[in-house]
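The values are calculated or read from the model by the stated rules, or taken from the named source; none is laboratory data. Quick caveat: nothing in here was measured; it's all calculated off a predicted structure. Ideal geometry is used to build each Cβ from the backbone, glycine not excepted, and the neighbour counts take in all protein chains shown. Ligands, DNA and RNA are stripped out before the accessible areas are found, and what is left, the full protein with its side chains, is counted by its heavy atoms. Shrake-Rupley method; radii C 1.70, N 1.55, O 1.52, S 1.80 Å.
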Amino acid sequence: MSVQLVCEKLTKIYGNRKIKALDSVSFSIPSSGIFVLIGRNGSGKTTLVRILATELEPTSGSATINGIDVVKEPQKLREKIAIVPQEARPIPWMTPRQTVLSYLLWRGFSVSEAKRRATESLEKLKLGDYSDTLNRMLSGGLKRKVLVATVLSSEADIIFLDEPTTGLDPISRREFWDVLSEIGKKRFTFLTTHYLEEAEQLADRIGILDCGRLINIGTLDELRHKIRYNYSMKLLSRPPDLEVKDGEVLTGKDGQTRILTVEEEAFRISRELSKEGVKFTINPVSLDDIFFYLVRQESQERGDGSAIGAATE
Amino acid sequence: MEVPLEQRPNRSRFSQILAAVLVNAIYEMRNYPVVLVNTVLSPLSFLILIVFVSQGSLLGVAIEGGLIMSMFSSGIGLQSDLSHLKNDFKLQDMVVSSPTGWQTYMLGIAISEIVYSLPALTVLAILAYYYLTLSFAGVIELLAVLLLMFLASMAIGFTLSTFSSDIVQSFAFSRLISTLFSAVPPVYYPITYIPMPFRYLAYLSPTTYAAELAQDIAGYIKLSTTMVAIDWLILIAVAVGLFMVARSKARWREV
Ligand SMILES: Nc1ncnc2c1ncn2[C@@H]1O[C@H](COP(=O)(O)OP(=O)(O)O)[C@@H](O)[C@H]1O
Ligand SMILES: [Mg+2]
């Protein structure tokens, strides 16, 4: 029995639109731990998630999860999956307890078993004190937790979470990470985000999606090796006479300049910038830099030259 | 990773239907009790109006009208509730990606609409018990008319919900449909009250046929056997026909 998620040439074209929301996406990863799919808005993350969660038919291509065909055996797969869709909201006239309980009933649990599991999962997410407050009274972060509590309480061993932390404040988001990494220990968690630090923190494997294409996939270390530079410098503007001998200069839509380079060159540039009094930061290459670099490389290869803006918030 | 089959829960269809009834009816009534008052008042308000205007002579007809309108708006309610749960809360997506199939989901939501109307139906049933004179067969026939009315309007609601435009999904639209089909046609009074050329307009609404049958059953009007047969046939045809349209159009998994 294969314990893998395999996609083969998955393509999606919506209705009579011409653009491909997904463009021949193929990959194969072990179906365990946390997989984080990163990409800008509109890159096709939700489309891929909805196809894999049997909510949307692909235009062509195929996918299997643990040997179950997503397109041909949806019933069989639905026994094992659970999802929190992007922009899902807990129903305002219900309480967290009622929300989790009813979800479990939908999964076919008996009332007594559903009650037991609901209490357990609400406790686990520290929602115990709010269990019987109406959802509409809860903060954005707590509302999101209620939804995660539903899938957490279920028996599903494949969990899809589509941008679960978008819109949360930085502190709530960090709290959320503990919950997510907890889920990922026991079940295969397929997570999407456009926060790169989130992927860095949580992911066992990372996929980068841009304009419907999967431009890279691998562990953080593997992705690091796609790029031969190890330092990233950021400066608010680029001095006209600055020369970069061994490195890559990336300019974002915001005018910020990013230089990816090797150690020796980084120190040389630093000295030069200090001399001229230009302010800058220097850091080891992060996922953010890798994303920036790979996405630009891909769009240059494609020849559309669309400059990408800041990839982070 | 793989959990052996015997450890999987024995999924209960009853639970799956109960989930829909709780979410779409019980919890809302329990957590917002004012909803209860509203569901009771809306079919009663018209009834009271008609009874006053007719100085009591149309009481029986208006009670039947209230019953028909309750069943009709329960069915039509399916349309706005399905859209609401799907688009605003993404609940339908969560259910699609779960072991609940579409038949169970729809059945659950349909039952929840009836449950939502139970307070009003109870009040109307009590009124009917005191003010309508019906034989046992008449009671059965009236229940059949009401059930058919519910199925027909559910088919309309279901069909409408498969059109995914913003207008169709708006709350105002479902109110409009409700008004067109229940307040304008002669649900609360005999069709003979409508002057002649306009009477044909009334026959565009399925509620007219249900009302005609109900009024005949309780003896407020006298229909020929042919007319009775035609009325039944039309109600059945609307229900069956629209269910077939909805079935072919509705998609559980989107394309
Ligand atoms: N239902 C739809 N109909 C038409 N186009 C869509 C639909 N959903 C998404 N798209 C388009 O498909 C592309 C990918 O969207 P999506 O998968 O939502 O990306 P992401 O989740 O990464 O933001 C976008 O160009 C978007 O406009
Ligand atoms: Mg998305």
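At-a-glance table
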read-out	value
A:Arg97 accessible area, 1.4 Å probe, all protein chains in place, Å² to nearest 10	80 Å²
Accessible area in square angstrom per residue, the stretch A:1-142, 1.4 angstrom probe	42 Å²
Semi-axis lengths, Å, chain A, gyration tensor of Cα atoms, sqrt of 5 times eigenvalues	39, 24, 16
Contour minus Cα-Cα distance for A:Phe267 and A:Ser110 (0.36 nm per residue)	50.0 nm
At R0 = 60 Å, FRET efficiency that the Cβ-Cβ distance of B:Tyr32 and A:Thr11 yields, to 0.05	0.85
Chains A and B together, accessible area buried on both sides, 1.4 angstrom probe, square angstrom	4100 Å²
Heavy-atom accessible area ranking, 1.4 Å probe, most first, across A:Glu87, A:Glu8, A:Glu155	A:Glu87, A:Glu8, A:Glu155
Selected from B:Pro197, B:Pro119, B:Pro43 as most flexible by GNM, with chain B as the system and alpha-carbon contacts under 10 Å	B:Pro197
Sites A:Glu73 and A:Asn230 - FRET efficiency at Förster radius 60 Å, r taken between beta-carbons, to 0.05	0.85
Overall Cα dimensions of chain B, principal axis frame, Å, largest first	71, 35, 35
Rounded accessible area of B:Thr133 (nearest 10 Å², 1.4 Å probe)	120 Å²
Local electrostatic count, A:Ser102, Cβ distance below 13 Å [Lys/Arg +1, Asp/Glu -1]	+4
³J(HN,Hα) computed for each position of the stretch B:50-65 - Karplus, 6.51 cos²θ - 1.76 cosθ + 1.60, integer Hz, glycine/proline x	4, 4, 5, 5, 8, 6, x, 5, 9, 3, x, 4, 5, 5, 4, x
Most mobile listed residue (A:Ile34, A:Ile159, A:Ile269) in chain A, GNM with C-alpha springs under 10 Å	A:Ile269
Entries in A:Lys72/A:Lys186; A:Lys45/B:Lys90; A:Lys234/A:Lys279; A:Lys80/A:Lys186; A:Lys115/A:Lys145 that, when Cα-Cα distance is taken, lie over 20 Å	A:Lys72/A:Lys186
Selected from B:Pro119, B:Gly108, B:Gly66, residue furthest toward positive end of dipole (the protein assembly as shown; charges at beta carbon)	B:Gly66
Among B:Ile114, B:Ile236, B:Ile194, residue whose mean-square fluctuation peaks in a GNM of chain B (springs only between Cα atoms under 10 Å)	B:Ile194
Computed accessible area, A:Lys234, all protein chains, 1.4 angstrom probe, square angstrom	60 Å²
Cα shape, the stretch A:206-313, gyration tensor, a/c 1.5 rule	prolate
Contour excess over end-to-end distance, with Cα ends at A:Gln300 and A:Lys18 and 0.36 nm allotted per residue	99.4 nm
Positive dipole terminus of the stretch A:4-223, leading residue within A:Thr189, A:Ala53, A:Leu125 (C-beta point charges)	A:Ala53
Residue (of A:Leu260, A:Ile290, A:Gly39) at the positive-pole extreme of chain A, dipole from beta-carbon charges	A:Gly39
Estimated dipole of chain A in Debye, rounded to 20 [Cβ of Lys and Arg +1, of Asp and Glu -1, Cα centre]	860 debye
Heavy-atom SASA rank of A:Thr54, A:Thr46 (probe 1.4 Å, accessible area, largest first)	A:Thr46, A:Thr54
Cα-centred dipole magnitude for the stretch B:8-249, charges only on beta-carbon of K, R (+1) and D, E (-1), debye, nearest 20	500 debye
Shape of the stretch A:76-201, Cα gyration tensor, a/c cut at 1.5	oblate
Cα-based Kirkwood hydrodynamic radius, the protein assembly as shown, one decimal, Å	27.1 Å
Magnitude of the charge dipole, the stretch A:228-284, Cβ model with Lys/Arg +1 and Asp/Glu -1, debye to 20	200 debye
Chain lengthening between B:Ile236 and B:Ile111 when straightened (0.36 nm per residue, less Cα-Cα)	43.1 nm
Net charge contributed by nearby residues that have their C-beta within less than 12 Å of A:Gly61 (K/R +1, D/E -1)	-1
Efficiency of FRET between A:Lys279 and A:Lys245 - r from beta-carbon atoms, R0 30 angstrom, step 0.05	0.85
Accessible surface of the protein assembly as shown [probe 1.4 Å, protein heavy atoms]: carbon and sulfur percent	59 percent
Rg to Rh quotient for the stretch A:228-284, alpha carbon positions, Kirkwood Rh	0.91
